[in-house]
Every structure is written in structure tokens, then in C-alpha cells.
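Novice: Dropping a structure here in C-alpha cells format, bear with me for questions.
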């Protein structure tokens with residue numbers, strides 16, 4: 001018989017519910033942080049059983065047991081507010097709404113949004129409804145306080161020569177390719193800027209970055225001042241420090257989350273070859289290009305005035321008002 005953890009019967013005021021995917025978890029926790037709830041919060045990493053793993057967020061027979069005994073018991077004492085992100089989170093928040101919780105679903109649930117109190121959906125998805133709040137890009141924790149904390153944690157980056165160029169590398173996605181060939185083109189453009197201006201590079205990869213990109217990256221900038229992080233073997237991920245200390249940021253074009261976080265800073269953001277992106281994310285990049293928040297990478301990487309893209313605080317204010325928190 002599955003043991004029920006003590007927390008399962010604690011009535012925390014706020015729960016976040018995701019499948020543990022880094023992008024989903026980051027958005028849910030960012031909104032929870034912005035809501036500034038007093039008291040405890042519970043963060044659920046959901047591990048659904050079949051067949052609900054495939055059906056979510058649709059309700060099926062005995063859906064209350066989709067996430068195991070602990071969650072089934074916890075439904076008896078729901079939180080005041082439940083924030084889900086992704087399909088599994090959407091099923092969990094539907095179950096909690098039936099128990100009286102106020103529910104917020106982040107990302108398009110792919111079914112009628114009326115099943116939740118509020119749905120927070122990217123503008124480029126085109127989802128509409130009276131309880132739908134559209135956002136440009138994705139929710140994230142990046143604000144001035146977050147950046148200041150990161151500057152303190154990675155204070156040694158202050159010694160790197162300026163301009164400090166942060167380089168955020170993703171990988172292939174459903175809507176864009178960022179492979180060895182793309183990396184080589186980007187690296188050549190970075191070298192042009194370094195030859196002209198000097199400075200340093202602060203480079204980080206992601207879980208989706210191919211080893212065919214990582215292998216040449218480790219050697220390409222070995223004589224350039226800066227930091228190259230390719231995984232846990234290189235120590236603590238300096239991602240927050242890169243955003244905090246950058247004078248400009250260069251991103252591969254494949255990740256809406258990554259570009260959203262870069263755009264939440266107060267420095268120029270240059271995106272490599274936005275034209276290679278297809279589908280809904282392309283609409284996101286096109287909107288940023290039109291607004292002047294990003295530019296396509298070239299050999300100049302020129303400075304330009306920016307206004308930080310910070311949707312999380314705006315959304316939190318809407319959630320507080322709409323749900324009368």
C-alpha cells in the first residue's frame with residue numbers, strides 16, 4: 001500500500017502542478033513567486049499513470065487517481081489557488097477546481113478554456129476567451145531583484161572584460177533547427193564582433209544542445225576571456241549570472257522560454273537567424289522584431305535602446321484581481 005506523505009493532508013494556500021519539465025516548472029513557479037502569497041506553498045511533480053498520461057487534460061473514469069494515492073488523498077484538502085502548466089498540470093487543476101480551488105492554467109490546454117478560472121496563453125498561440133490572458137512569450141522569474149541576486153552570486157564575472165556577450169544556445173526543436181552548421185555560422189559572427197571590439201564571451205548550453213555542437217564549442221573560444229558551460233561536469237550552471245552581467249545577449253532561435261528570459265533583462269538581445277523558425281514561435285519572434293526588442297544577429301551586434309519584456313508581474317496583478325485574492 002502506498003504511503004501518504006504528511007504534506008498530502010496539509011492545506012497549503014498555493015500549489016503548483018507540473019510534469020517536472022524544466023520549462024513548465026519554471027513558468028508555474030515564476031507566477032507563484034510573483035503572487036507573493038503568505039504561508040506555505042506546495043510544488044507537485046506529477047507522475048501520471050496510464051491511460052490519463054495520454055488523455056490529459058481530459059477527464060476519464062477514476063481520473064482522481066491519475067497521479068497516485070498521495071494526490072488522490074490531497075484532493076480532499078485543496079489549496080486556495082492551484083497553478084498548472086502543461087497538459088498534466090491542466091488535468092490536476094481541473095480535478096482541484098471540482099474540489100473548490102481557484103485554478104490558473106499556463107499554456108494552451110488544447111480544450112475549451114472554460115474548464116479553468118483563468119488560462120494564461122502565449123499570444124502567438126492565438127487562444128481567445130473571456131477567461132484567457134494572453135502574454136508575449138513565456139512567464140519567468142527575471143526582474144531587477146532576480147538579476148541583482150544573480151550579480152551577487154556570480155560577482156567574479158565583474159572582472160571579465162567588456163563588452164560581455166552572453167550566448168544562450170539551445171538545440172533542434174519542432175519549429176527550428178540549431179545544429180553544428182548553424183553553430184559554426186553563429187560562431188563566425190561572434191568572432192567578427194570580438195575581433196573588432198574585444199570583450200568576453202559567457203556561453204551556456206541547454207538540455208537540447210547536441211553533442212555535435214558542444215564538442216566544437218569547447219575548443220572554439222578557448223583563448224577568449226569568459227566562461228563556457230556545457231553541463232554539470234563544468235560546475236554550477238552560470239545561466240543567471242550570464243543574464244545579470246551581460247552587456248548584450250545572443251540567443252539561438254529555437255526556445256521561446258530562453259528568448260523571453262533574455263528579453264526580460266535591460267540589455268539588447270540578438271537572435272540568430274529568426275527566419276529559420278516556423279509555426280507559432282515564428283509569430284513570437286516577428287512580434288519582438290517589430291517592437292524592436294530583438295534584432296537578428298549580424299557581425300556588428302550593435303547596441304540599441306530596449307524596454308525589458310516582463311509579463312510575469314503584469315499577469316500576477318491580473319490573477320490577483322480576477323480571482324479576488
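Derivation of every value follows stated rules applied to the coordinates shown; laboratory data play no part. A quick note: this is a predicted structure, and the numbers were derived from the prediction, not measured. No Cβ is skipped: glycine too gets one built from the backbone with ideal geometry, and neighbour counts run over all protein chains shown.
Novice: Any idea how far apart residue 286 and residue 148 come out in nm if each label point goes 7 Å out from Cα toward Cβ?
Specialist: 4.0 nm
Novice: Residue 320 to residue 222: FRET efficiency via 1/(1 + (r/R0)^6), r the Cβ-Cβ distance, R0 51 Å, to the nearest 0.05?
Specialist: 0.55
Novice: Let me ask you something else. Angle check, please: helix 87-98 long axis (alpha carbons) against the longest principal axis of the chain (alpha carbons), in degrees 0 to 90, nearest 10.
Specialist: Compared with the principal axis, the helix lies near 30 degrees.
Novice: Could I ask something else about it? Expected output is a single nm value to one decimal: the length gained when fully extending between residue 131 and residue 191, i.e. 0.36 nm times separation in residues minus the C-alpha distance. What is it?
Specialist: 16.8 nm
Novice: Can you give the % of DSSP beta bridges in the chain that are antiparallel, to the nearest 5?
Specialist: DSSP beta bridges in the chain are roughly 0 percent antiparallel.
Novice: Counting helices only, and only those DSSP H runs with n ≥ 4, report the 222 nm mean residue ellipticity of the chain as the sum of -39,500 (n - 2.57) divided by its residues, in deg cm²/dmol to the nearest 500.
Specialist: -10500 deg cm²/dmol
Novice: Can you tell me the Rg and Dmax of the stretch 144-296, counting just the alpha carbons, in angstroms?
Specialist: 14.6, 41
Novice: Per residue and in cubic angstrom, what volume does the convex hull of the Cα atoms of the stretch 228-325 have?
Specialist: 150 Å³
Novice: When the convex hull of the C-alpha atoms of the stretch 155-242 is computed, what volume per residue in Å³ does it have?
Specialist: Dividing the Cα hull volume of the stretch 155-242 by its residue count gives 98 Å³.
Novice: So, one more: Give me the percent of DSSP beta bridges within the stretch 144-296 that run antiparallel, rounded to the nearest 5.
Specialist: Antiparallel bridges make up about 0 percent of those DSSP assigns within the stretch 144-296.
Novice: Could you tell me the center-to-center distance, by alpha carbons, between the stretch 18-77 and the stretch 179-254 in angstrom?
Specialist: Cα centroid to Cα centroid, the span is 35 Å.
Novice: Which peptide among 301-312, 158-169, 225-236, 254-265 comes first, and what is the full order, when sorted by highest mean count of other Cβ atoms within 10 Å?
Specialist: Order by mean packing, descending: 254-265, 158-169, 301-312, 225-236.
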